[in-house]
Amino acid sequence: MKEFTYTITRPNGLHGRPAADLVTAAQTLDSTVTIRKGDRCVGADRLMALMTLGAVQGDTVTVTIEGGDEEKALAHMRAYFAEHL
Amino acid sequence: MKLMGKSLCPGVALGPIHVLPETEKRGKPTPAGTPEQELERLEWGRQRALDRVRGQQSAALEKLGEGEADIFRLHALMLEDRDLLETVRCAVRAGACAEDSVREAGETFAAAFRALNDPYLQGRAADVEEVSRLWREALSGAAERLELDAPAILCAGEFSPGELIALEREKVLGLVAQRMAPDSHAAILARAMALPTVAGLVPQTHWEGTFAALDGETGALYLDPEGETLDGLTERARARQEAAESLGCFRTGSAVTRDGRSVSVCANIAAPEEAALAWKEGAQGVGLFRTEFLCLDKKQCPGEEEQTALYRRALEAMEGRRVVIRTLDIGGDKRPPWLEAGKGENPALGLRGIRLSLKKTELFRIQLRAILRAAPYGTAAVMFPMVSSVEEVRAARALLEQCREELEMQDIPTGEVEVGVMIETPAAALIAEDLAREADFFSIGTNDLTQYTLAMDRQDPDLEGMYHPCHPAVLELIRRAVEGGHRHGRRVALCGQLGAERSMTETLLRMGVDELSVPVGEVLGLKAHVSTLDLSN
């Protein structure tokens, strides 16, 4: 299992398009990616759950990667968060 | 056979009847098959809804670009969302029918979005509802309800605004509805589309294919008309058609009087969908976009995101022509169910229009922010109703600027917005010169101006014949408003019923009114009329 934490810098947070992009990205990976904010934890391939996390600018989330090619998935997710969120 | 209903939109239609199947009604029990059958139907409906959304996505991509197509991509992803699917399937397994399961799950998820703290995310509730609707429509076959092979008179229990917008205008001759309120969104659209419409008749399935004549003036529907009835209606249909064709040349450009004065003729609209029709009819702008549709009949006023999207739609449909958005004119006799403020004995003189907005600023701010955010997509203006003092305009302007600053701080793009004042109280007309210093333009609302000047309720049937917008006192106030506005170089428009009164057009233009804004269906006729006038002597 690999994980990293990330503080959201984009004004719109994990909303509409970024959430849709994240779901699409997570679906291409063979690892299971979960996002945790506070005491809520959801799979990165679950659009509605992701959006209702309500992760906005300034919030810190923890991204966990399990199974499959974890190194590759980790790099992928890190790059994704840095670029879009 | 002659049947009498209630006329909602004039015009004559002749042709075969097409009876539409009922749309799904809330609360109407749908017989549920076995859970296995329902699960299968559920999945079948989902696939069809997905096809439809993907179709919308590629159409939007082609016509509007990636940003616009994003929303449909989101809808497609929602239709594939594991949690939504599991919630729906779970209800079906427990014995509920597919439609009810989709509706309930949709409501649950929409409520979850509404409960969030962030206005953008709250706005996504509307997307969940849209997805739920698409899915249910696919299940009930309603999506195909309006695919027509040949032109017909459409008959249905009721029509939704969305359905009317989706109609191919040339395939629809007229509408017969069992239920359609005269001031409903659907009726507004039927009028804007100039569709002869009659309400209050119960469509019978055996009418299907019957040749019929619909008389939108009297509200009569004739099944298999013959002889004189048929001849008379055919002749009227032909005359209307000819008149409409002769107006076609006025669709482009502005209306120019014979002595060369260019007059701007704009449209009054009450829903964003009407903007596209206004554009087609050759309106040079939207002189009055009433926003009361946002809140009447609704449990709560839509949030900032939803409003932004609605204004944006109107602005984009007008392709750069100005759209004047009037802030909520509620209170008085127009009271949405959620409004608790003031129920005085004399609502017309009570807390309404800008007075209410300045008192309940939380609602007003949402609307101002949404207008500012939509503004980059066209030429937007905002207009305040029921103004009676300079202070009100200053206060409203200050709030607008505050909203702009807040948006800038949040890095949310805004656009330029002109600020207009409605002249509809005698007070505003009398202090027009002072108001002109604070406003970018005026728009004279003659309906309220007449009511307040003459102290006559325009809806009181006992005053019929006495209530008259051409009363010299009203005209004198209009003259003062124009003069006051022009002294500071402000454009003065007129958006009340008087603007569509052809016998008054010349008088108003001679007084110096710069722009007339009338119902969409009147635009072409008024442009034609203006071009026959000579104001040189």
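At-a-glance table
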read-out	value
Test: residue B:467 is under 13 Å from residue B:423 (Cα atoms) and aromatic (Phe, Trp, Tyr)	no
Candidates B:145, B:93, filtered to the one that is at pLDDT 85 or above, surrounded by fewer than 22 Cβ atoms within 10 Å (Cβ to Cβ) and more than 14 Å from chain A (Cβ to nearest Cβ)	B:93
Which numbered condition residue A:17 fails, given (1) farther than 14 Å from residue B:73 by Cα; (2) touching a His at 6+ places or on another chain (Cβ under 9 Å); (3) surrounded by fewer than 19 Cβ atoms within 10 Å (Cβ to Cβ)	(1)
Matching residues, the stretch A:21-58, being farther than 17 Å from residue A:77 by Cα and more than 7 Å from chain B (Cβ to nearest Cβ)	A:38, A:39, A:40, A:53, A:57, A:58
Residue ID - surrounded by the most Cβ atoms within 10 Å (Cβ to Cβ), chosen from residues in the stretch B:454-468 that are modelled with pLDDT under 80 and of a type in the set (Asp, Glu)	B:460
Helices (runs of 4 or more DSSP H) contained entirely in the stretch B:420-537, each with at least 3 residues that are under 29 Å from residue B:398 (Cα atoms)	B:426-430, B:432-438, B:446-454, B:472-487
Residue check, residue A:68 surrounded by fewer than 16 Cβ atoms within 10 Å (Cβ to Cβ) and of a type outside the set (A, V, I, L, M)	yes
Residue list for the stretch A:1-20, restricted to those being within 12 Å of chain B (Cβ to nearest Cβ), under 10 Å from the mean Cα position of the chain (by Cα) and at pLDDT 85 or above	A:19
Matching residues in the stretch B:184-243 - criterion: being of a type in the set (D, E, K, R) and either out of contact with any Phe, Trp or Tyr (no Cβ under 8 Å at 6 or more places or on another chain) or within 11 Å of residue B:13 (Cα to Cα) (or both)	B:191, B:208, B:215, B:217, B:226, B:228, B:231, B:235, B:236, B:238, B:240, B:242
Residue B:50 within 32 Å of the chain's Cα centre (by Cα), modelled with pLDDT of 85 or more and outside the structural domain of residue B:193 (by TED's automatic domain parsing)	yes
Breaking point among (1) within 30 Å of residue B:322 (Cβ to Cβ); (2) in contact with a Ser or Thr (Cβ under 9 Å, 6 or more places away or on another chain), for residue B:198	(1)
Boolean, residue B:260 is more than 28 Å from residue B:383 (Cα to Cα) and in the same structural domain as residue B:327 (by TED's automatic domain parsing)	yes
Boolean, residue B:508 is out of contact with any strand residue (DSSP E or B) (no Cβ under 7 Å at 6 or more places or on another chain), buried (at least 18 other Cβ atoms within 10 Å of the Cβ) and more than 22 Å from residue B:347 (Cβ to Cβ)	no
Condition broken by residue B:133, with the remaining ones in (1) surrounded by 16 or more Cβ atoms within 10 Å (Cβ to Cβ); (2) outside any helix (DSSP H, G or I); (3) at pLDDT below 90 satisfied	(2)
Residues of the stretch B:1-13 that turn out to be under 11 Å from residue B:153 (Cβ atoms) and surrounded by fewer than 21 Cβ atoms within 10 Å (Cβ to Cβ), as a count	0
Near pairs, Cβ below 7 angstrom, 6+ apart or cross-chain, from the stretch B:115-141 (away from chain A (no Cβ under 14 Å)) to any residue that is assigned to a helix (DSSP H, G or I) and of a type in the set (Asp, Glu)	B:136/B:99; B:139/B:99; B:140/B:99
Single match in B:422, B:409 (criterion: aliphatic (A, V, I, L, M) and within 14 Å of chain A (Cβ to nearest Cβ))	B:409
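The values are calculated or read from the model by the stated rules, or taken from the named source; none is laboratory data. Because the structure is predicted, anything quoted here is derived from the model rather than measured. Positions of Cβ are generated from backbone atoms using ideal geometry, with glycine treated the same way; all protein chains shown enter the neighbour counts.
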